[in-house]
Amino acid sequence: MDEKFSFALRKIALLGGINNYIAISSRELGDALEMSQQSASKRILELLDEKYLVRDLGARRQRIKITEKGVEELKKEYNEYRRIFELTDRVTLRGKIVTGMGQGGYYITQKPYMDQFQGKLEFRPYEGTLNVKVAKEDRGKLEVIRSMPGHVMDGFEKDGRTFGKVTAYKARIHNIDCAIVVPERSHYDDVLELVCKYHLRRTLSINDGDDVDVVVDLSPLSPEDKISCVS
């Protein structure tokens, strides 16, 4: 996104324009953007054309609000800054053990997935996934993790059914190697699905409601990993 657009969106967001329409004149926006009223009016029109804003022309003043497209662009920028200033090659996510929807075992144990896990993560997962509901204060880190390349397990078709792509990120829980799996069509926004060669609930003696830390490896993929991920 053009820097002039991202700067304007940041200012509008700070004025409250993400969650609600805000009533603001071109002059007031110009003051916020440190530009003339004419330039601010032009910037609004440009943002409308790019679908970053929506506008409601009221009887007295216009009201504007950032669109979902605009919010997504701001999130991308936010995640880049987090990677620069906050994160190293590891990030810790705190959460609680929860019961999943019961579909993880069926999908994970499909042979094409299992073979790819063995080749790219060097282990064959135990049937099923361990689900961790991420603490509210750590949910912003999920966007950062999902923006990273990860180890891609290609999708496939079986018996007339399509199984989508899965991206895996190496991780550790209680010093045991595991991986977070993010299906292409995930049912979760704030829940991690973990796979491991062990039955983690039994191995770690953990149950629903227990607090856990998951340390995710965000170090760059090696050349060999990159080759295997696109092969």
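The values are calculated or read from the model by the stated rules, or taken from the named source; none is laboratory data. Treat the numbers as computed from the prediction; the structure is a model and nothing was measured. All Cβ positions, glycine included, derive from the backbone under ideal geometry; neighbour counts span all protein chains shown.
Any residue in region 84-102 that is more than 28 Å from S219 (Cβ to Cβ) and either outside the structural domain of R172 (by TED's automatic domain parsing) or touching a Gly at 6+ places or on another chain (Cβ under 6 Å) (or both)? No, region 84-102 has no match at all. One residue stands out in region 116-139 among those that are farther than 11 Å from A168 by Cβ and aliphatic (A, V, I, L, M): the one that is surrounded by the fewest Cβ atoms within 10 Å (Cβ to Cβ), namely A135.
Can you give me the number of residues within region 55-70 that are closer than 17 Å to F7 by Cα and surrounded by 15 or more Cβ atoms within 10 Å (Cβ to Cβ)? Result for region 55-70: 5. The C-beta contact set for region 162-181 (first residue under 11 Å from C196 (Cβ atoms), second residue in a loop (DSSP other than H, G, I, E, B) and acidic (D, E), distance under 6 angstrom, 6+ apart or interchain) is empty. Does K165 count as modelled with pLDDT of 90 or more and over 15 Å from L200 (Cα atoms)? Answer is yes for this residue.
Among the numbered conditions (1) within 22 Å of S219 (Cβ to Cβ); (2) hydrophobic (A, V, I, L, M, F, W, C); (3) touching a Leu at 6+ places or on another chain (Cβ under 8 Å), the only one that M153 does not meet is (3). Within region 80-125, restricting attention to residues that are farther than 20 Å from G164 by Cα and touching a Lys or Arg at 6+ places or on another chain (Cβ under 7 Å), the residue that is modelled with the lowest pLDDT is V91.
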